[in-house]
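Below: the structure, in structure tokens.
The values are calculated or read from the model by the stated rules, or taken from the named source; none is laboratory data. Worth saying up front: this structure is predicted, and the values here are computed from it rather than measured. FYI the Cβ positions are ideal-geometry reconstructions off the backbone, even for glycines, and counts take in every protein chain you see.
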Amino acid sequence: MSKNAAGPIGIIGRLTVTLLISVTILTVYSNAVGNMGVSGGDPVAKAFSKIFPAASEFKPVFDEKNNTLYYEAYTAEGALIGYAFSQTGRGMWGDIQIAGGLDLNFKLIGLSVIKQSETPGLGARIVEPQFLDQFKGLAAEDVKLEKYGGKVDAISGASISSKAVTEIIRSEMKRITPMLEAKG
């Protein structure tokens with residue numbers, strides 16, 4: 001190592017570069033995760049807006065203890081109306097990404113499939129309202145297929161995709177709900 005790299009000028013130079021990189025990373029992160037407005041082109045933001053039509057803002061909340069990100073949905077008047085989340089899990093042929101919304105009593109008010117690569121005409125029917133509407137009003141413990149003691153009817157010929165959706169939603173609800181209950 002040369003004397004200049006180890007001296008005060010070298011240290012100041014490295015600190016300056018580190019500071020610039022840190023500011024750049026924080027700027028990119030805050031722009032990506034900052035308050036999500038409902039007008040963005042982001043598919044998750046669009047799904048949240050569909051689930052919460054009365055919401056004008058989705059404020060991100062990151063729980064460091066549980067390494068969990070969810071969003072608080074607010075009206076234009078600033079009233080909290082629910083909680084939104086996005087989660088990805090494995091389906092029959094690939095990942096399924098789902099956005100969900102919980103009311104203030106932690107029951108599902110809506111779901112939207114953001115991404116899926118299931119079999120057309122079978123597993124891909126997880127995007128249809130007939131399937132997704134079954135989840136409305138359910139608590140986490142009820143988000144299972146009927147054959148496993150839950151309240152969700154599987155899509156005929158697509159039990160793996162149907163089960164994947166219930167597992168994605170139930171596991172995320174079980175993760176988020178205790179945090180929300182603890183918040184009061």
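Working carefully through the options 136, 183, find the one that is surrounded by fewer than 15 Cβ atoms within 10 Å (Cβ to Cβ) and in contact (Cβ under 8 Å) with a residue 24 or more places away in the chain. Exactly one residue qualifies, and that residue is 136.
Of the residues making up the stretch 101-117, at least one is farther than 21 Å from residue 151 by Cα and in contact (Cβ under 8 Å) with a residue 60 or more places away in the chain. Checking each residue of the stretch 90-97 against the condition of being crowded, with 21+ Cβ neighbours inside 10 Å, assigned to a loop (DSSP other than H, G, I, E, B) and in contact (Cβ under 8 Å) with a residue 12 or more places away in the chain gives at least one match. Residues of the stretch 132-145 that are part of a loop (DSSP other than H, G, I, E, B) and either more than 18 Å from residue 103 (Cα to Cα) or outside the structural domain of residue 69 (by TED's automatic domain parsing) (or both): 144 alone.
Scanning the stretch 146-180 for residues that are on the phi > 0 side of the Ramachandran plot and either touching a residue at least 12 places away in the same chain (Cβ under 8 Å) or not assigned by TED's automatic domain parsing to the domain that holds residue 87 (or both) returns a single hit, 157.
Do we have residue 163 as more than 15 Å from the chain's Cα centre (by Cα) and surrounded by 13 or more Cβ atoms within 10 Å (Cβ to Cβ) here? Write out each step before concluding.
Numbers: more than 15 Å from the chain's Cα centre (by Cα): yes; surrounded by 13 or more Cβ atoms within 10 Å (Cβ to Cβ): yes.
Yes, satisfied.
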